[in-house]
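Have a look at the structure below, then the notes.
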Amino acid sequence: MNRIKQLFENRNNRKLLSIYFTAGYPHLDDTLQLAKILEDSGVDFLEIGFPYSDPVADGPIIQYSSEEALKNGMSLAYLFSQLKELRKHIKIPVLLMGYVNPMLQYGVEHFCQSCAEVGVDGIIVPDMPMYEYEELYQETFKKYGISNIFLITPQTAVERIRKIDDLSTGFIYMVSSYATTGKNLTVSEETTAYFKRTKGLNLKNPLVVGFGIADHASFEHALQYADAAIVGSAFVRLLSQSDYLQQIPSFIEGIKGDVVV
Amino acid sequence: MNNYQVNEKGYYGDFGGAYIPEMMYPNIEELRLRYLEIINENSFKKEFEQLLKDYVGRPSPLYLAKRLSDKYGANIFLKREDLNHTGAHKINNTIGQILLAKRLGKRRIIAETGAGQHGVATATVCALMGMECVVYMGEIDIERQAPNVARMKMMGAEVRPARSGSKTLKDATNEAMRDWINNPVDTHYIIGSVVGPHPYPDMVARFQSVISAETRKQLLEKTGKETPDYALACVGGGSNAIGMFYHFLEDENVQLIAAEAAGKGVDSGHSAATSVLGKEGVLHGSRTILMQTDDGQVIEPYSISAGLDYPGIGPQHAFLHKIGRTKYVSITDEEAMQAGLLLTRLEGIIPAIESAHALAQLEKMSFAREDVVVVCLSGRGDKDLDNYMKYFNF
């Protein structure tokens with residue numbers, strides 16, 4: 001069974017934390033080491049970004065990490081070569097996140113095949129159109145058992161959320177507000193209403209909140225309505241410090257706190 | 001008859017579409033559902049045409065360039081978009097889009113700009129309509145194009161430097177898209193070329209199509225025939241070219257020629273000749289041809305002309321190129337600069353360096369004396385004087 005599915009089915013009210021980081025940042029060959037430390041620190045699943053030169057959905061922090069990663073020589077092909085060893089070390093679900101153009105150049109089928117070979121469980125590609133996935137790629141994703149994760153926002157209409165729920169096979173990525181990545185979530189009535197409204201739809205797929213989750217408070221708030229939350233920019237910011245490896249466990253502990261529900 | 005226009009799914013053959021993150025979807029979907037209805041309303045058409053006439057100064061003249069014609073042995077007409085208010089074709093589109101934005105109830109306008117021409121045209125219509133205006137411009141371009149930055153500021157626009165990536169046009173476009181993601185409700189994004197997610201390429205093409213609509217009428221008056229033998233235009237993203245080609249696409253006897261910037265030479269590593277150097281992929285929300293690495297990273301192009309150094313071309317151009325309806329040619333900096341000087345000396349018209357790329361193609365063609373050739377003179381060269389002066393050591 002797909003590790004993502006397994007994770008959410010067996011979570012028993014445990015609130016889950018996912019961490020995003022850009023592959024190749026701060027150093028080209030950090031990927032597996034970071035994954036291992038994160039798993040050991042209690043992170044429940046990982047999103048590994050494959051960098052792109054023009055990341056329009058991202059704020060300054062992830063833009064910077066992407067630029068640096070590309071300068072360091074990261075590419076999709078290189079990332080897959082690093083990930084050959086992934087499942088020797090890492091048990092938790094791993095998703096790749098990035099933009100559609102590098103995936104198209106690599107080839108969609110080849111991409112899914114490489115994911116399956118190295119043990120990547122799903123992908124998040126925000127600028128891949130839903131109709132294109134449905135018409136052109138869905139079968140390929142199924143063939144290799146790769147989950148495609150869709151995003152929803154406060155403005156996504158209910159019918160569209162239902163359609164996304166039908167097409168989704170892992171979870172639904174609930175973007176917290178109108179924003180690019182890295183803007184801290186302000187807990188407003190509007191956000192709370194959106195979280196409540198979405199939870200109230202009783203979707204088949206788990207809900208995972210991302211964008212703006214930076215600390216324990218925003219993590220806690222999101223988890224009142226969702227099954228998991230993702231920290232991206234706040235973690236990538238940590239990686240710019242010289243002793244980031246030592247700081248990771250306490251950073252994760254700080255986000256999670258003692259979340260028991 | 002071939003269909004050269006966008007289909008109902010937003011594609012030109014394999015090109016086009018809307019590759020956008022979900023955060024942009026409601027805005028793009030609203031535009032997609034409403035743009036045709038709005039621009040076909042009588043009140044819209046009336047206001048658009050009135051402004052083009054009284055404010056922009058249309059129809060722009062179709063001028064028979066006699067001395068240039070004698071040099072090349074053909075009847076060469078210049079479509080004088082350089083005589084428009086603000087000095088280029090860009091304003092045709094910004095007038096259309098600001099009228100559309102008003103009807104969508106938006107009160108804030110954002111735009112990207114490279115050389116500053118589209119930024120100026122946007123700032124202009126925002127001043128005209130009393131709307132808030134933010135123009136994103138690469139930090140490097142802000143330094144290179146100081147007079148246009150000053151024009152935008154004088155018109156009340158805020159010019160925000162794009163500091164990401166290569167700090168030029170493509171990054172300004174990224175920043176404008178990010179602004180729209182963060183301000184989805186009250187803001188309209190006026191894209192300056194026939195690029196971006198559907199429906200932008202089609203919408204911008206329709207606004208610019210006034211160029212060829214007028215040309216047909218003017219040719220009929222001047223030559224007794226609505227169509228030329230050749231129509232030439234330069235291509236960065238490709239909006240003046242689409243405007244020039246639009247109403248000739250189905251006249252298969254009209255040879256359409258688009259001049260791309262080869263920079264220091266197609267194989268020099270300093271070029272913007274997308275149709276030669278590019279591969280199919282996705283850039284700024286549409287599937288098109290773009291300059292990229294094997295890993296799908298966008299390559300920063302080079303041209304002496306700041307309006308042509310874009311790493312992609314509009315999806316309709318990608319389609320016209322692939323099916324062979326339009327011929328794409330590469331013009332180097334040197335060829336363009338010489339053509340700009342030549343026009344100045346023969347006709348007393350200083351063209352924008354962008355437009356000079358189209359003129360340079362004349363040198364490479366052979367004509368019959370009775371051939372009718374139309375060149376889109378997309379902009380005037382005032383903004384390029386510094387560049388010309390330096391290049392020729394005046």
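The values are calculated or read from the model by the stated rules, or taken from the named source; none is laboratory data. Bear in mind that the values here come from a model prediction, so they are computed numbers and not experimental data. Cβ coordinates were reconstructed from backbone atoms using ideal geometry, including for glycine residues, and neighbour counts include every protein chain displayed.
Only one of A:Gly98, A:Gly49 is of a type in the set (Gly, Ala, Ser), surrounded by 23 or more Cβ atoms within 10 Å (Cβ to Cβ), more than 11 Å from chain B (Cβ to nearest Cβ) and closer than 23 Å to A:Val208 by Cβ. Can you tell me which?
A:Gly49
I need the full set of residues from the range A:213-244 which are assigned to a helix (DSSP H, G or I) and more than 19 Å from A:Gly49 (Cβ to Cβ), in order please.
Scanning the range A:213-244 gives A:His216, A:Ala217, A:Ser218, A:Phe219, A:Glu220, A:His221, A:Ala222, A:Leu223.
Kindly list, by first and then second residue, each pair from a residue in the range B:368-394 that is part of a helix (DSSP H, G or I) and among the polar types (S, T, N, Q) to a residue that is surrounded by 11 or more Cβ atoms within 10 Å (Cβ to Cβ) and modelled with pLDDT of 95 or more, limited to pairs with Cβ atoms under 7 Å and residues at least 6 apart or on different chains.
That search, which allows pairs on different chains as well, returns B:Asn387/B:Ile353.
Within the range B:1-37, track down each residue that is under 20 Å from the mean Cα position of the chain (by Cα), away from chain A (no Cβ under 12 Å) and either within 17 Å of B:Asn182 (Cα to Cα) or not hydroxyl-bearing (Ser, Thr, Tyr) (or both).
Answer for the range B:1-37, where residues must be under 20 Å from the mean Cα position of the chain (by Cα), away from chain A (no Cβ under 12 Å) and either within 17 Å of B:Asn182 (Cα to Cα) or not hydroxyl-bearing (Ser, Thr, Tyr) (or both): B:Gln5, B:Val6, B:Phe15.
Quick check on the range B:100-122: of everything there that is modelled with pLDDT of 95 or more and aliphatic (A, V, I, L, M), which residue is farthest from B:Met154 (Cα to Cα)?
B:Leu104
What pairs come out if I take residues in the range B:226-251 that are under 12 Å from B:Val373 (Cβ atoms) and pair them with residues that are of a type outside the set (Val, Ile, Thr) and in a loop (DSSP other than H, G, I, E, B) whose C-beta lies under 6 Å away, six or more apart or interchain?
Hits for this filter: B:Thr227/B:Asp251; B:Asp229/B:Asp371.
Within the range B:273-299, can you find the residues that are more than 9 Å from chain A (Cβ to nearest Cβ) and within 22 Å of B:Gly116 (Cα to Cα)?
B:Ala273, B:Thr274
As an exercise: evaluate B:Asn253 against (1) away from chain A (no Cβ under 14 Å); (2) polar (S, T, N, Q); (3) touching a helix residue (DSSP H, G or I) at 6+ places or on another chain (Cβ under 7 Å) and give the number of the one condition it does not meet.
Condition not satisfied by B:Asn253: (3).
Which of the following residues is surrounded by 17 or more Cβ atoms within 10 Å (Cβ to Cβ), touching a helix residue (DSSP H, G or I) at 6+ places or on another chain (Cβ under 8 Å) and not aromatic (Phe, Trp, Tyr): B:Leu346, B:Leu308?
B:Leu308
Using the structure shown, decide if A:Val56 is more than 14 Å from every other protein chain (Cβ to nearest Cβ) and in contact (Cβ under 8 Å) with a residue 40 or more places away in the chain.
No; evaluated as a whole, the condition is false for this residue.
What residue, of A:Gly170, A:Gly182, is closer than 15 Å to A:Ser18 by Cβ and of a type outside the set (Lys, Arg)?
From the options A:Gly170, A:Gly182, the qualifying one is A:Gly170.
Based on what the data block shows, is A:Ile62 surrounded by fewer than 24 Cβ atoms within 10 Å (Cβ to Cβ) and assigned to a helix (DSSP H, G or I)?
For A:Ile62, the condition - surrounded by fewer than 24 Cβ atoms within 10 Å (Cβ to Cβ) and assigned to a helix (DSSP H, G or I) - is not met.
B:Arg160: touching a residue at least 24 places away in the same chain (Cβ under 8 Å) and either among the small types (Gly, Ala, Ser) or touching a Phe, Trp or Tyr at 6+ places or on another chain (Cβ under 7 Å) (or both), yes or no?
Spelling it out, B:Arg160 is indeed touching a residue at least 24 places away in the same chain (Cβ under 8 Å) and either among the small types (Gly, Ala, Ser) or touching a Phe, Trp or Tyr at 6+ places or on another chain (Cβ under 7 Å) (or both).
Among the residues of the range B:324-337, is any within 23 Å of B:Ile211 (Cα to Cα), charged (D, E, K, R) and either more than 14 Å from chain A (Cβ to nearest Cβ) or in a helix (DSSP H, G or I) (or both)?
yes
With the condition kept exactly as written, say whether any residue in the range A:160-171 is among the hydrophobic types (A, V, I, L, M, F, W, C), in contact with a Pro (Cβ under 8 Å, 6 or more places away or on another chain) and surrounded by 24 or more Cβ atoms within 10 Å (Cβ to Cβ).
Yes, there is a match, as at least one residue in the range A:160-171 is among the hydrophobic types (A, V, I, L, M, F, W, C), in contact with a Pro (Cβ under 8 Å, 6 or more places away or on another chain) and surrounded by 24 or more Cβ atoms within 10 Å (Cβ to Cβ).
Step by step: first the residues of the range B:64-119, then only those that are in contact with an Asp or Glu (Cβ under 7 Å, 6 or more places away or on another chain) and over 28 Å from B:Asn182 (Cα atoms), then the one that is surrounded by the fewest Cβ atoms within 10 Å (Cβ to Cβ). Which residue is that?
Within the range B:64-119, the match that is surrounded by the fewest Cβ atoms within 10 Å (Cβ to Cβ) is B:Arg67.
Of A:Glu39, A:Glu67, which residue is farther than 22 Å from B:Asp294 by Cα and outside any loop (DSSP other than H, G, I, E, B)?
One residue alone meets the criteria, A:Glu39.
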